[in-house]
Amino acid sequence: MKENLFPSIEPREKGFLQVSKIHSIYWERSGNPKGKKILVIHGGPGGGSQPRYRRYFNPEKFDIVQFDQRGCGYSRPFSELRENTTGDLVNDIEKLRVNLKIDYWHLFGGSWGSTLALIYAIKNPSRVLSMTLRGIFLCRKFELLWFYQYGASEIFPEEFEKYIAVIPKDERVDLIVSFYKYLTSPDIELRSKAAAAWTNWELSTSHLIKRDIDVGKSKINSFSDAFARIECHYFINKIFLEENFILKNAKIIESIPTKIIQGRYDVVCPVRSAWDLSRKLINSELIIVDDAGHSMSEKGITLKLLDSVERLESF
């Protein structure tokens, strides 16, 4: 089993794809142009892709495709909520595939990236060769309540207190609704405080061993501004899909070879969702890492991801 990430590499080509009247998404390709095609789907929604993600793949064996979803990363306009739905993102992925002249590809995604990979596969099963998924998020009502309202709050009470401190006490009955109010407020100060609190909460709970995270004061068009606004936008709208959409449609993708890598103590996306998904996908393997939380950078998660990707080389 490989123990280290591959060396840093630069994209060999990159560009923007106009996907709507107002949105252009940034994309890039790295590695071997004749290699196995693999699409890296970042988390959030609103997180943006990162150069580090390229390092999970042997650049001699893979043609690595990355992109920034609407409103984040290098995509334009930044932190934009209009024309930004799950259906839009799925359509963008398919437009990107066509634009890059790729017939079929492997999917690699974690957290919200796993969600979007699964939905894309359900909509386009004939285009997906395999899926390597981490930190499964199915965006069911109880998952959102667990992390943003009550549940994770009992494991990280000190961080939860910081998270809710920006919301008046009489507006905490539904924290997602209240945060959305402030994250979309014309009052820049309120929007900035809410974005920083939301982002700090998620980042500070993503590791098995607690880390102190402080993104600082959020600014308009900063990472935390887009991350918080776009996430909250999707969650208040129940990701623009019916409840339990993925599991209800899992039969469509049950035969796609799927590796599910999940931290046992993932507080952001609890193991229950990975378990439920694995029970629906007959051609899946669930790998639970007992010494890990949510972050893909944790050693146990990294090792299993590298091992799973290496197996794709002979796919």
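The values are calculated or read from the model by the stated rules, or taken from the named source; none is laboratory data. In this text, all values refer to a predicted model and were calculated from it rather than measured experimentally. Here the Cβ is made from the backbone with ideal geometry for all residues, glycine too, and neighbour counts use every protein chain on show.
Name every residue in region 260-315 that is touching a strand residue (DSSP E or B) at 6+ places or on another chain (Cβ under 6 Å) and among the hydroxyl-bearing types (S, T, Y), in order of residue number. Across region 260-315, the qualifying residues are S278, S284, S308. Answer yes or no: is there a residue in region 88-102 that is in contact (Cβ under 8 Å) with a residue 12 or more places away in the chain, touching a Leu at 6+ places or on another chain (Cβ under 8 Å) and within 26 Å of W201 (Cβ to Cβ). Within region 88-102, one or more residues are in contact (Cβ under 8 Å) with a residue 12 or more places away in the chain, touching a Leu at 6+ places or on another chain (Cβ under 8 Å) and within 26 Å of W201 (Cβ to Cβ).
For region 97-135, the tally of residues that are crowded, with 22+ Cβ neighbours inside 10 Å, of a type in the set (F, W, Y) and not in a strand (DSSP E or B) stands at 2.
Being out of contact with any Phe, Trp or Tyr (no Cβ under 9 Å at 6 or more places or on another chain), in contact (Cβ under 8 Å) with a residue 40 or more places away in the chain and either among the aliphatic types (A, V, I, L, M) or farther than 20 Å from C72 by Cβ (or both) is a condition met by at least one residue of region 222-233.
Which one is nearest to G300 (Cα to Cα), of the residues in region 51-73 that are part of a loop (DSSP other than H, G, I, E, B) and more than 16 Å from the chain's Cα centre (by Cα)?
Only one residue tops the list, namely F57.
Being closer than 24 Å to W198 by Cβ, outside the structural domain of V19 (by TED's automatic domain parsing) and of a type in the set (V, I, T) is the requirement here; does I119 meet it? So I119 does not fit the description; no. Residue pairs whose Cβ atoms lie under 6 Å apart, sitting 6 or more positions apart in sequence or on different chains, and linking a residue in region 274-298 that is touching a residue at least 40 places away in the same chain (Cβ under 8 Å) to a partner that is of a type in the set (K, R) and outside any loop (DSSP other than H, G, I, E, B), are M296/R134. Kindly indicate whether S284 is surrounded by 14 or more Cβ atoms within 10 Å (Cβ to Cβ) and at negative phi. Yes; evaluated as a whole, the condition is true for this residue. Tell me which residues, restricted to region 14-47, are of a type in the set (D, E, K, R) and either in contact with a helix residue (DSSP H, G or I) (Cβ under 7 Å, 6 or more places away or on another chain) or under 15 Å from R134 (Cα atoms) (or both). Hit for region 14-47 is K36, nothing else.
The rows are residues; the columns are (1) in a strand (DSSP E or B); (2) free of Cβ contacts under 8 Å to residues at least 24 places away in the same chain; (3) of a type in the set (A, V, I, L, M, F, W, C).
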{"site": "P7", "(1), (2), (3)": "no, no, no"}
{"site": "F16", "(1), (2), (3)": "yes, no, yes"}
{"site": "K21", "(1), (2), (3)": "no, no, no"}
{"site": "I25", "(1), (2), (3)": "yes, no, yes"}
{"site": "E28", "(1), (2), (3)": "yes, no, no"}
{"site": "K34", "(1), (2), (3)": "no, no, no"}
{"site": "L39", "(1), (2), (3)": "yes, no, yes"}
{"site": "G46", "(1), (2), (3)": "no, no, no"}
{"site": "S49", "(1), (2), (3)": "no, no, no"}
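Applying the set (1) surrounded by fewer than 22 Cβ atoms within 10 Å (Cβ to Cβ); (2) within 22 Å of Y120 (Cβ to Cβ) to Y234 leaves exactly one unmet item: (1). On inspection, V309 passes the criterion of being closer than 23 Å to Q50 by Cα and surrounded by 14 or more Cβ atoms within 10 Å (Cβ to Cβ).
If the condition is being within 20 Å of S206 (Cβ to Cβ) and of a type in the set (K, R), then region 268-311 contributes R272, K299, K304. In this structure, S75 does satisfy being among the hydroxyl-bearing types (S, T, Y) and more than 20 Å from K123 (Cα to Cα).
Based on what the data block shows, is I38 under 16 Å from V98 (Cα atoms) and in the same structural domain as R97 (by TED's automatic domain parsing)? In short, yes.
Out of curiosity, is F16 surrounded by fewer than 17 Cβ atoms within 10 Å (Cβ to Cβ), of a type in the set (F, W, Y) and touching a strand residue (DSSP E or B) at 6+ places or on another chain (Cβ under 9 Å)? In short, yes.
Entry remark, region 79-96: residues being charged (D, E, K, R) and part of a helix (DSSP H, G or I) number 4 in total.
Restricting region 176-194 to residues that are of a type in the set (A, V, I, L, M, F, W, C) and more than 14 Å from E80 (Cα to Cα) leaves a set whose member that is surrounded by the fewest Cβ atoms within 10 Å (Cβ to Cβ) is I188.
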